[in-house]
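Q: Quick one: the structure is below, and I'll ask about it shortly.
The values are calculated or read from the model by the stated rules, or taken from the named source; none is laboratory data. The structure displayed is predicted, hence computed values, not measured ones. In this analysis, Cβ positions are derived from the backbone assuming ideal geometry, glycine residues included, and neighbour counts consider all displayed protein chains.
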Amino acid sequence: MEENVQLNLELMKKEQKANSFIRKLLRNKTAVIGLIIILITIICALFSPLLSTHDPNKVNTVEAFKKPGEDGHILGTDEYGRDLYSRIVYGSRISIIVGVLATSLGAIIGIILGLISGYKGGITDNIIMRLMDGMFAFPFILLAIVMMTVLGSGLQNVVFAIGIANIPSYARIVRGQVLVVKEQDYCQALVALGASKFKIVFNHILPNILSSIIVYATLNIAGAIISEAALSFLGLGIQPPTPSWGNILKSGKDYLITAPHIASFSGLAILMTVLGFNLFGDGVRDALDPKQKQ
Amino acid sequence: MFKYTLKRLVQLIPTLFIVVLIVFIITRVIPGDPAAVMLGPQASVEDVENLREKLGLNESIWSQLGDYLKGLLKGDLGDSYYYNEPVSDIIAERFPATFVLSISSMIISLLVGIPIGVISATKQYSKFDYITMILALIGISMPVFWLALMLVLIFSVNLGWLPSVGMGSEGFVDIIKHLILPSISLAVISAGVFARFTRSSMLDIIKEDYIKTANAKGLKQKVVVWKHAFKNALPPIITIVGIQFSSLLSGAILTETIFSWPGMGKLIVDAIEKRDYSLVQGGVIFVAFVYVIINLAVDLSYALLNPKVRAGFEGTSEGRK
Amino acid sequence: MMSRKQIEVKNLKTHFNTASGVVKAVDGVSFSIDKGKTLGIVGESGSGKSVTASSIMGLIPSPPGEICGGEIIFEGKDLLKCKKDELLDIRGKDIAMIFQDPMTALNPVFTVGAQISEAILAHQKISKEEAKNLAIKALETVGIPDAKSRYKSYPHEFSGGMRQRAVIAMGIVCNPKLLIADEPTTALDVTIQAQILELMKDLQNKLDTSILIITHDLGVIWEITDYVMVMYAGRTVEYADTITLYDRAKHPYIWGLLDSVPNLEDGKDKVLNTIKGNPPDLRATGDGCNFAGRCPYAQDICRKKQPELLEIEPDHFVACHFQTFDKTLEKRRGE
């Protein structure tokens, strides 16, 4: 009985919180800018065919290395005469897909591990955390590179590699939060009332740690986008001719002197999108912070 | 303090073991036969088999692991398949370059990032604050490999001020010249992280009562900020420095590729391509170990700074987030 | 003739500029404290009492705060017109301030002794050794046993009461002329509270220090103050010496406060008296009396015109439209 009353109160509080959260968020100008950038990127990804000026894969060696603005190529062409602008627009697909999927993969598995580890404690906790520590010992890229070499290149594997490499961070954050929440009075009260462990974890603990997870995930998407670009840049990620900002940058490196626009604009695209997610993530964090003055 | 250090060192061992395990398993799963790759496409099946025997590649994974661990304890990381030299020698040759690069980047980013963070916190909402924080945000949003290329474009190609390849061999000044662009590329991102984090850590501290007390005592602003506030803001900053080292190493791998900087990063990436198991293993494990030790040093300095932690810290690395 | 006044505050106004409006935290407050005497400022949260104290010390964070009016006369100078250096000199030496929670008021990474020495060295050009000795003496004065070895202890190694004593030691170590104590006993157990108040009275006698004590606790007021100023929503509503206030308070707000203190002799079924309503939004104070919304005796004039603070008998000031001229309200309180 008491549990139901408590749940109802929680629901009402949640609605209130959600509304004031959205208001706070929208008041933050930089967060709104970030959101707009993200939406632009998503629109590019969804409507690539509509927004491009040319076929991104159309090779035309006669037109190679055109400068930005020449012959109807807004940003110029690459070494195969393909329109750079169109390739960059299509590249947003890879970035968004990898960003969202890799983050989700790492988050879901990491959260589950963190919940189990934090709630159960004891040997389970020890083993899981040791494993996470072991993974943490690797510089991120190294872990991803080694995995990609094992798995081979391609979109699926990139998502998988980056996702797996992200697990330890989520596990650690979630576990830390679970430990804090576990000690709080209302949690102990629920245990005393006989609520099942599963219910406690999912209905009570999880909603409370959600805010830090959301903030981290938003910023994580930014990181995943850069990681994909890095892997493709090293030749391990998305293979050409599929356009990814990373592999475009790779060609850009090879032709840096003769055609600097290739490297410049593809990198700029990465910068803008990542900036958007960072701005938005910061805004989400500030809006969720109870200590913030309104 | 000594006991605490010892305790932490002991806790390292399972972590390091898992590192070796992970590396071992992953490298064994890499498709491709190193013996075949080494001998080239002309080699006969027999020769390849012989080489496999010689390298112990036909043993079970567990016995391979066992042998490797035994060797590890002696400091023997096996021989590189490709270079035919002890892995430890190769690493010893290449690691200093990565070390120099990482340390210089770290120093630059600390010297730039932390003071900016402190000043921004004391001048919250000022123009300085807004501008530096936006710059920091842009800094952390840049892919390091793109920044490196842009710097090369501007300073090497267009202005011709600085070299862009290799480490330089004509003495100290030459090395410094070659060091500038790569270390700045790495430093920008870390500086951004430090500036933002220092600022937020300081802002939390400035709100504390003991800062009000310090002001009420009539202490000069500089003293309040650096002696009272900063010292308390330091521990979480140090933790971030430790974590950032990992990003720095990641970044170094990418940067070395662009600048042909003769360090570990390039070594490992090349070794992966050549299926040089030994070198990959040795290299990755070495980097991981270095990182773990750096983090331990970070944790220990945390305990040094905070008397409460020193007084009776029972916790393991799990005690903190 | 030498003025007996240690400090005189005239019409102090401190506002905060926030995203949702200007908060008039202190809106025209005046008082003075004589040498060697204790003034208590009483009010609920948000009444502006702490902001008043911070304004005297010059510790208002700006932005978003600013002191936009009034004078604070101390030792012949207007503190609001002093330069930064002069204020730094006065702070901690001539005017000292101690805060509510001794656990958070002390820096956790330095020893207590070092923090006290620091206060000394900031104002006197003496050697570290001499400063250390003075600090140890200060610890002894406030009744901390084994002061010499406690000098090297960290804040977390002290008990709550000892910590507050140490904080007080830090405040008085330079023999300040005025000691401001912001809720010094609120974070302490009741028994320790009594000790700390005793200590403060003792120190006042020894050092002839004026004390400004800020509190919401009427018991503390009774214990230690010579005069009381009651604040509500940024304004003074009544000012009198302590005995007069308890005996002949005129403002309905103080009646509410005095009545809300539970009496041991009342039966256990007696409902606690409360003052109905909530404190006003300090961004939207109108022209009327700030208390009108909650005053059981409020009339039209209360909502339209702000009452002036008037002296109704020597050294007894009240800001209320009725208590100054209309005696009928007094009869009503008895009911």
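Q: For the range B:4-51, which positions are in contact with a Ser or Thr (Cβ under 9 Å, 6 or more places away or on another chain) and modelled with pLDDT of 75 or more?
A: B:LYS7, B:ARG8, B:GLN11, B:THR15, B:ILE26
Q: Taking the stated definitions as given, is C:ILE144 aliphatic (A, V, I, L, M), outside the structural domain of C:LEU12 (by TED's automatic domain parsing) and not in a helix (DSSP H, G or I)? Before the answer, list the steps.
A: On the way: aliphatic (A, V, I, L, M): yes; outside the structural domain of C:LEU12 (by TED's automatic domain parsing): yes; not in a helix (DSSP H, G or I): yes.
So C:ILE144 passes the test.
Q: A follow-up question, please. Is there a residue being over 25 Å from the mean Cα position of the chain (by Cα) and either over 21 Å from C:MET200 (Cβ atoms) or among the charged types (D, E, K, R) (or both) anywhere in the range C:134-141?
A: Yes, the range C:134-141 has at least one match.
Q: (1) surrounded by fewer than 16 Cβ atoms within 10 Å (Cβ to Cβ); (2) polar (S, T, N, Q); (3) modelled with pLDDT under 85: which one isn't true of C:ASN175, the others all being true?
A: Only one criterion is unmet by C:ASN175, namely (3).
Q: State the number of residues belonging to the range C:88-115 that are touching a Lys or Arg at 6+ places or on another chain (Cβ under 9 Å), under 19 Å from C:PRO184 (Cβ atoms) and of a type in the set (A, V, I, L, M, F, W, C).
A: Of the residues in the range C:88-115, 8 are touching a Lys or Arg at 6+ places or on another chain (Cβ under 9 Å), under 19 Å from C:PRO184 (Cβ atoms) and of a type in the set (A, V, I, L, M, F, W, C).
Q: Would you confirm whether any residue within the range B:260-267 is under 30 Å from C:LEU106 (Cα atoms), assigned to a helix (DSSP H, G or I), at pLDDT 75 or above and within 14 Å of chain A (Cβ to nearest Cβ)?
A: Checked against the condition, which is being under 30 Å from C:LEU106 (Cα atoms), assigned to a helix (DSSP H, G or I), at pLDDT 75 or above and within 14 Å of chain A (Cβ to nearest Cβ), the range B:260-267 yields no hits at all.
Q: Taking the range C:178-206, which residues are crowded, with 18+ Cβ neighbours inside 10 Å and not in a helix (DSSP H, G or I)?
A: C:LEU178, C:LEU179, C:ILE180, C:ALA181, C:ASP182, C:GLU183, C:PRO184, C:THR185, C:ALA187, C:LEU188 - these are the residues of the range C:178-206 that are crowded, with 18+ Cβ neighbours inside 10 Å and not in a helix (DSSP H, G or I).
Q: Step by step: first the residues of the range B:268-295, then only those that are at the interface with chain A (Cβ under 8 Å from one of its Cβ atoms) and among the aromatic types (Phe, Trp, Tyr), then the one that is nearest to B:LEU77 (Cα to Cα). Which residue is that?
A: It comes out as B:PHE289.
Q: Determine if the range A:230-251 includes at least one residue that is at the interface with chain B (Cβ under 9 Å from one of its Cβ atoms), part of a helix (DSSP H, G or I), touching a residue at least 40 places away in the same chain (Cβ under 8 Å) and surrounded by fewer than 21 Cβ atoms within 10 Å (Cβ to Cβ).
A: No, the conditions are met nowhere in the range A:230-251.
Q: Among the candidates B:ALA229, B:ALA187, which residue alone is more than 14 Å from the chain's Cα centre (by Cα) and buried (at least 24 other Cβ atoms within 10 Å of the Cβ)?
A: Answer to the selection: B:ALA229.
Q: Can you tell me which of (1) within 11 Å of another protein chain (Cβ to nearest Cβ); (2) at pLDDT below 85; (3) over 20 Å from the mean Cα position of the chain (by Cα) is the one A:LEU142 doesn't meet?
A: (3)
Q: Sticking with this one: Filtering the range A:252-283 down to residues that are of a type outside the set (Val, Ile, Thr), more than 9 Å from chain B (Cβ to nearest Cβ) and part of a helix (DSSP H, G or I), which residue is farthest from B:LEU149 (Cα to Cα)?
A: A:GLY283
Q: Restricting attention to the range C:210-249, which residues are within 15 Å of the chain's Cα centre (by Cα) and either polar (S, T, N, Q) or in a helix (DSSP H, G or I) (or both)?
A: C:SER210, C:THR215, C:LEU218, C:GLY219, C:VAL220, C:ILE221, C:TRP222, C:GLU223, C:ILE224, C:THR225, C:THR236, C:THR242
Q: Given B:PHE172, B:PHE197, which one is surrounded by fewer than 23 Cβ atoms within 10 Å (Cβ to Cβ) and either in contact (Cβ under 8 Å) with a residue 12 or more places away in the chain or not assigned by TED's automatic domain parsing to the domain that holds B:ASN232 (or both)?
A: After ruling out the rest, the residue left standing is B:PHE197.
Q: Determine which member of the set C:ILE168, C:ILE211, C:ILE196, C:ILE172 is more than 25 Å from C:GLN124 (Cβ to Cβ) and in contact (Cβ under 8 Å) with a residue 24 or more places away in the chain.
A: Going through C:ILE168, C:ILE211, C:ILE196, C:ILE172 in turn, just one is more than 25 Å from C:GLN124 (Cβ to Cβ) and in contact (Cβ under 8 Å) with a residue 24 or more places away in the chain: C:ILE196.
Q: Looking at B:ASP79, B:ASP129, B:ASP89 in this structure, which one is within 15 Å of B:PHE197 (Cα to Cα) and of a type in the set (D, E, K, R)?
A: Details: B:ASP79 fails: within 15 Å of B:PHE197 (Cα to Cα); B:ASP89 fails: within 15 Å of B:PHE197 (Cα to Cα).
Sole residue among the options that is within 15 Å of B:PHE197 (Cα to Cα) and of a type in the set (D, E, K, R): B:ASP129.
Q: Which one of the conditions (1) under 18 Å from the mean Cα position of the chain (by Cα); (2) at pLDDT 85 or above; (3) in a loop (DSSP other than H, G, I, E, B) does C:PHE110 fail to meet, given that it meets all the rest?
A: (1)
Q: A:ILE111 versus (1) surrounded by fewer than 18 Cβ atoms within 10 Å (Cβ to Cβ); (2) away from chain B (no Cβ under 14 Å); (3) farther than 30 Å from A:TYR255 by Cα: which is the lone unmet condition?
A: (1)
Q: Considering B:ILE61, B:ILE103, B:ILE119, B:ILE90, which residue is out of contact with any His (no Cβ under 7 Å at 6 or more places or on another chain), touching a residue at least 60 places away in the same chain (Cβ under 8 Å) and more than 14 Å from chain A (Cβ to nearest Cβ)? If you could, list the steps in order and put the result at the bottom.
A: Values: B:ILE61 fails: touching a residue at least 60 places away in the same chain (Cβ under 8 Å); B:ILE103 fails: touching a residue at least 60 places away in the same chain (Cβ under 8 Å); B:ILE119 fails: touching a residue at least 60 places away in the same chain (Cβ under 8 Å).
None of the others qualify; the one that does is B:ILE90.
Q: Kindly evaluate A:VAL158 against the criterion of being closer than 22 Å to B:LYS266 by Cα and either outside any helix (DSSP H, G or I) or touching a Gly at 6+ places or on another chain (Cβ under 9 Å) (or both). Steps first, please.
A: Values: closer than 22 Å to B:LYS266 by Cα: yes; either outside any helix (DSSP H, G or I) or touching a Gly at 6+ places or on another chain (Cβ under 9 Å) (or both): yes.
In short, yes.
Q: Restricting attention to the range A:21-59, which residues are among the small types (Gly, Ala, Ser) and under 19 Å from A:ILE214 (Cβ atoms)?
A: Matches in the range A:21-59: A:ALA31, A:GLY34.
Q: Tell me which of these A:ILE221 doesn't satisfy, since it passes every other one: (1) away from chain B (no Cβ under 11 Å); (2) modelled with pLDDT of 90 or more; (3) farther than 21 Å from A:TYR90 by Cβ.
A: (3)
Q: Taking the range B:104-137 only, how many residues are under 20 Å from B:PRO235 (Cα atoms) and under 18 Å from the mean Cα position of the chain (by Cα)?
A: From the range B:104-137, those under 20 Å from B:PRO235 (Cα atoms) are B:106-122; that's our starting set.
The next check asks that each one be under 18 Å from the mean Cα position of the chain (by Cα); those that pass are B:106-111, B:113.
Here the count works out to 7.
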